[in-house]
Amino acid sequence: MPTETAVVPARSLRRFMFDWKDILFRAALPVLAMLAALLIGAVMLLLLKVNPFTAYAALINGALGSTYSITQSLVKATPLLLVGLGICIAFRASVLNIGGEGQIIVGALMATWFSLQFRAWPGWLLVPATVTMSFVAGAAWGFVPGILKARLSVNEILSTIMMNAIALQLMNLLLRGPLMDPGGITAGTFLAQSERLPEQVWLPRLVPQTMLHAGAIIAVVLAVAVYIFLWRTTIGYRIRAVGLNPHAARYAGINVPFYQALSLTLAGGFAGLAGAVEVIGVHHRLLEGITSGYGFTGIVAALFGGLHPLGAIPASYLFGSLLVGADKMQRAVQVPSALVDTIMGLVVLFVVGSALLSRRWAARRLAAAAKGQEVK
Amino acid sequence: MENIFSIAVIVGILTSAIRLAAPYLFASIGESFAQLSGVVNLGVDGIMLVGAYAAFFVALNTGNLWLGVLAALIVGLLMGLLMSVISVTLKAEQGISGIGLYMFGLGLSSLLFKVTIGTVKTVNGFRPIKIPLLGDIPILGEILFQHNVLVYLAFLLVPAAWWVLEKTTWGLRIKAAGQNPAAADSLGVNVDRVRYVSVCLGAMLAGLAGASLSISLVNLFQENLTAGAGFIAVALVYFGGWRPVGILGGALLFSTVNAFQLWMQVLGVNIPSDVAVMLPYLLTIAALAVTMNRAHQPAGLNLPFERGES
Amino acid sequence: MKTRNVLRSSVVLVVALLTAACGGPAAPSGGTTAKFRIAVVMPSATTDMAFSQSMWGALLAIQKEMGGESALELKYSENMFKVPDAAAAIRDYASQGFNIVIGHGSQYGASIQEIAKDFPKTTFAWGTDVNTFGQPNVYAYTAAAEEGGYVNGVLAAKLTKAKLIGVTGPVEAGDAKTYIDGFLQGVAAADPSIKVSKTWTGSFSDVALMTEAAKTHIAAGADALTGSSQSVVGSIGAAKDKGTVLWFGTQQDQASLAPNLVVASQQYDWTGMLKEMIKNNKAGKLGGDKYVLQLKNGGLKIVYNSGYKLPDDVKKAGDAAIEGIKSGSIKVNP
């Protein structure tokens, strides 16, 4: 029985790539997964004696119903996109980065410390420097599980989750100690938040009276950059090769553990950027809860976007608006936003569960293309 | 400041440690069954949460703690079936499926809690039962034999699991399915069915772990009650070398560190609480890095098995 | 390859937009009705028997006084212990045209500081704190929790037989810290030989952690406990479990949680302050003042639990402490 690794003449392969039936089928799967998850969500609401129509109407209205909602969705989409880009890189190397939360925290910590430390610097220098340092900090936080996987075969899911917990405690420790707002100390309130960051490091607001900031543009630009990186550079090619078939990659002379560690490091860097952007773009200081679960939601968005950096752009917007809609739904009709978290979990399950169908479909199409036949 | 090494304090710490270990034991031994059969289930924390909610809700509304336990087991079974379908039948990537299951469980437990209960309430959980004779032994009696029934069950699970794995045909099948599914399949073992059973068993025990939190340890339910304990439980499987005794050791080590930092604060020893809370996680990473038990890792772990594929 | 992915997400968006077009009503733009509208964002549930409930209860009482829903519209967002979520809620309410938006949590200050600038016609109030950021549309409020803490400390000192009292605190900040400072002073004033051991769980919301902390205090021999924040229900549960541990509450009357064991609670009463804010807002003044709840001005009340038999001499000592603080003869330092 032919498998995906069958050799196929180039001409028919090209025809296969632009086969609209195939594209539609593959696009349909996550959409169907989302619809199925929403359906199950509706059933759950019915069982809980809540009207699913009112709930979903409030959800959608909350996501798209006003300028504020739309800009707020973009604000949430930005960190999702950044984390998602990192996930795309890592998952393409078959490395599962669940450490987004911790990497965001470390990036945010670095952005806070750095911009406060060098507050005398002018904006044109401070912003890029801060952002770069945050990338480095997040990358370091991804590097540790990366090297543990490469050298000691430690399961990266477990190690990244532990790193999350450690990062959280580290942030608590610093926010309640050396990083605490001196204003809070003199006032006697001792709030666990940092000093307000110097104004020149704040990302400019794009729409007045909203929280939409320049980070959104940076994220989209980076998405394109990651696409170019993965598909148009040698390193990117090797990362993808490692993910598709580690044995073949090793045969071809690619240092598999190195590229796995590298992908996890890069993923950490992007998540660190998400942390920086939240701190210098949205809140202008570091405070508890800064991650808002983006480390996990970013995974869902990346999966939904087909683990493709350009697909991640609309996917992050979609999930950003779901998150905004969920809050609004909770405010307006008192349906807990946890409903949306539940739905997201189901989306993940259905998307990965449908991968088998996707693979079998691809194998059939490939076999048909190899035979030069059209399959109905 | 009291003498931190006084007998009373040490007894207090060890008693707390035994009590705190129960949820980890349930969840981790359950997960070891799943992993030995070849499936990594990272959704344990999510299952624990829904199990904890179910047990609490039923106990709160019926006043019957054992019905609560039953509810947790049923919930665990259902979630185990979901995981089995996704990762065994549909052969999805196990790691991500587990994370999806975790997100689902976390969201579902919070949703159900907010809609059906809303505010944090307490329940009269399992009370400690002193074992006659053994419970009267000075010092050891207090540490080991004055706990509630779920704690005793958790510890009894260790020899029970060992016996099933080493002395029964089922245990053999489980290990075969995980170690070399192709060979097992050729010998007539239904690998998929064995994996289903193991994953569901593990999930039921995870549900029980949740119940041991909500109706025996803290006697309440709140959102994210487990705070990541399920992931620690999964890590303990690696740490314990996939063997019940190893897992027992790991769970006790972890819970003792936990109990220690709680007591230190009470006694006024000045460790910043954040550092103390960090310790168990650092310990786990170190353990994962240096564990030399990888020899026992099932070779077929995390690999979906497809009949006819080599 | 990129086409398929853009396509798939766009399909969902289109579906969503179409549904939105037939969806629910749009959010109201501005408050042009005569109805007064107040929104409050809280870190815990309105039924938390502590911080949040004290504010929500006060708002409901005022609504009743003003004539009900038609005179005063109230909206709340509870369980907003994550500041980014709260900030979004506060901004949303402001943009919906509420007259007063209350950020009931000291962690919301930074958000209020940012958002108040964007909505100069809205009154913002936040607490517990005293910083109005120099903005004309921001009120700050706090409670002199140390006063009630002192009284509770005196009562606890007189009632403890083990001479060991446990304190389970959330985060060492704000009124949680000041309450406990007062409590310690009260205990010391009544009987300096009593030992008080403190634990801080590091979280306002983690009830399970609070329970474990309380259990540890009890196992170490404490027979009286106190603490603050919405997670104290865990500590009270632990006290109930033991059956003999007394509880001293703050922020809200907590007698119903353990009718035999709660001795007294310090009750926050925000109604006076809220009425003044409403009056000011109608007259055109949107902020700029600081409010402090005290025993003297009626903002703080000590509520004895009628279900607990308090010995006469202990009650006398408690009442004396209350009078002393009111008159100024007893000074409690936060």
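The table below lists the values:
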item	result
Calculated log₁₀ intensity ratio I(q)/I(0) where the Debye formula runs over C-alpha points of chain A, q = 0.09, 0.12, 0.15 Å⁻¹	-0.57, -0.97, -1.36
Too-long pairs where the Cα-Cα distance tops 20 Å, listed order kept, from C:117/C:285; C:158/C:309; A:49/B:121	A:49/B:121
Size of chain B as Cα extents on the principal axes (Å, biggest first)	68, 45, 41
Average beta-carbon neighbours from other chains, 10 Å sphere, peptide B:122-135	1
Options B:227, B:50, B:133, ranked by Cα towards positive dipole end of the protein assembly as shown, top entry (Cβ charges)	B:50
Rg [Å, one decimal], Dmax [Å, integer] - region B:1-92, C-alpha atoms	18.0, 60
Helix B:94-116 axis, angle to chain B major axis (alpha carbon atoms, nearest 10°)	50 degrees
Degrees, to the nearest 10: A:338-353 long Cα axis against longest axis of chain A	30 degrees
Unsatisfied cross-links (Cα-Cα over 19 Å) in the set C:195/C:296; B:114/C:177; C:121/C:279	C:195/C:296; B:114/C:177
Candidate aspartates and glutamates - alpha carbon under 15 Å from residue C:242, same-chain residues fewer than 8 apart omitted	C:212, C:223
Size of charge dipole - chain A - debye, nearest 20, with Cβ of Lys, Arg +1 and Asp, Glu -1, no other charges	1300 debye
Efficiency of FRET from Cβ geometry, residue C:306 and residue B:224, R₀ 25 Å, rounded to 0.05	0.10
Computed label-point distance, nm, for sites residue B:167 and residue C:242 using a 7 Å Cα→Cβ extension	4.3 nm
Overall Cα dimensions of the protein assembly as shown, principal axis frame, Å, largest first	97, 76, 55
Between region C:187-210 and region C:216-236, the alpha-carbon center distance in angstrom	7 Å
FRET efficiency, 1/(1 + (r/R0)^6) with R0 22 Å, evaluated for residue B:8 and residue B:152 via beta carbons	0.40
Unit charges at the beta carbon, dipole of the protein assembly as shown: most positive-side option, A:339, A:221, C:256	A:221
Cα centroid of region B:63-124 to Cα centroid of region A:128-189, whole Å	30 Å
Ranked list, fewest to most other Cβ atoms within 10 Å of each Cβ, for B:91, C:242	C:242, B:91
Partners for residue A:21 among lysines (Cα-Cα distance below 22 Å; same-chain residues under 8 apart left out)	A:371, A:376, C:2
222 nm mean residue ellipticity, helices alone, for the protein assembly as shown (DSSP H n ≥ 4; -39,500 (n - 2.57); rounded to 500)	-20500 deg cm²/dmol
Ascending count of other beta-carbon atoms within 10 Å, so fewest first, for B:152, B:53	B:152, B:53
Point-charge dipole on Cβ atoms (K/R +1, D/E -1) for region B:133-242, about Cα centre, debye to 20	380 debye
Table column - 3J(HN,Hα) (Hz), region C:111-125, Karplus curve with 6.51, -1.76, 1.60, x for Gly and Pro	5, 4, 4, 6, 6, 4, 5, 7, 10, x, 8, 9, 8, 10, 10
Between helix A:234-244 and chain A: long-axis angle, C-alpha atoms, 0 to 90°, nearest 10	70 degrees
Binned Cα-Cα distance frequencies in chain C - 20 Å width, integer %	30, 49, 18, 3, 0
Cα-projected label distance for residue C:283 with residue A:24, points at 7 Å along beta-carbon direction, nm	7.0 nm
Point-charge dipole on Cβ atoms (K/R +1, D/E -1) for the protein assembly as shown, about Cα centre, debye to 20	2440 debye
Global geometry of region A:61-160, whether rounded, prolate or oblate, following the gyration tensor of its Cα atoms and the 1.5 cut on a/c	oblate
Region C:181-334: translational diffusion in µm²/s, Stokes-Einstein, Kirkwood Rh over Cα pairs, 37 °C, 0.692 mPa s	190 µm²/s
Pairwise FRET efficiency - residue B:89 versus residue A:51, Cβ, R0 = 56 Å, nearest 0.05	0.95
Proximal aspartates and glutamates to residue B:175, defined as alpha-carbon separation beneath 18 angstrom and excluding residues fewer than eight positions away on the same chain	B:31, B:166, B:185, B:192, B:306
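Taken together, the values in this text are just the output of simple stated rules run on the coordinates, not laboratory data. These figures come from a predicted structure and were not determined experimentally. Please note: Cβ atoms are built from the backbone with ideal geometry, for glycine as well, and neighbour counts cover all protein chains shown.
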